[in-house]
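The block underneath contains the structure these notes are about, expressed in structure tokens.
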Amino acid sequence: RETDPLRRYPAAYLAALRAAAAVLAVRARPQTAGPRRRADRNAWHLLAEVAPELGEWAAFFASCSATRAAAEAGIARLVGQREADDLVRQAEQFVGIVRSVVPVR
């Protein structure tokens, strides 16, 4: 419902990130003792590992991270109405796919 692209873009990104978190909550396994993995991996990298079928989505949203940060910082030249509309559409599609992946309790 938001009309300002500088608010819509980050909101759509956050919706996708929350959907990714739901997949991680269901599929990720706690790490056991042994060699520690790098701690700086983000949710999109983890999503690609635990749900390879969502790897292309993870790569897409990872590529949107810098633009999301720019929008949150108010840098209008990077995010217009079309970019915001496109990301909203992609996030809606991704959330729909995640609904079929995450079991409803």
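The values are calculated or read from the model by the stated rules, or taken from the named source; none is laboratory data. This one's a predicted model, so the numbers in the text were calculated from it and none came from an experiment. Positions of Cβ are generated from backbone atoms using ideal geometry, with glycine treated the same way; all protein chains shown enter the neighbour counts. Protein only, heavy atoms only, side chains kept; ligands, DNA and RNA dropped before computing areas. Shrake-Rupley method; radii C 1.70, N 1.55, O 1.52, S 1.80 Å.
General remarks:
- Number of the exception - residue 52 against (1) surrounded by 12 or more Cβ atoms within 10 Å (Cβ to Cβ); (2) closer than 19 Å to residue 26 by Cα: (1)
- Figure legend. Inter-residue proximity from region 80-93: first residues closer than 17 Å to residue 69 by Cα, second residues not in a helix (DSSP H, G or I), beta-carbon distance below 9 Å, spacing 6+ or different chains. Indicated pairs: 81/3; 84/2; 84/4; 87/64; 87/79.
- From the list 28, 84, the one residue that fits, being open to solvent by less than 50 Å² (accessible area, probe 1.4 Å), among the small types (Gly, Ala, Ser) and modelled with pLDDT of 95 or more, is 84.
- Subset of region 3-25 that is among the charged types (D, E, K, R) and open to solvent by less than 80 Å² (accessible area, probe 1.4 Å) - its residue that is nearest to the chain's Cα centre (by Cα): 8
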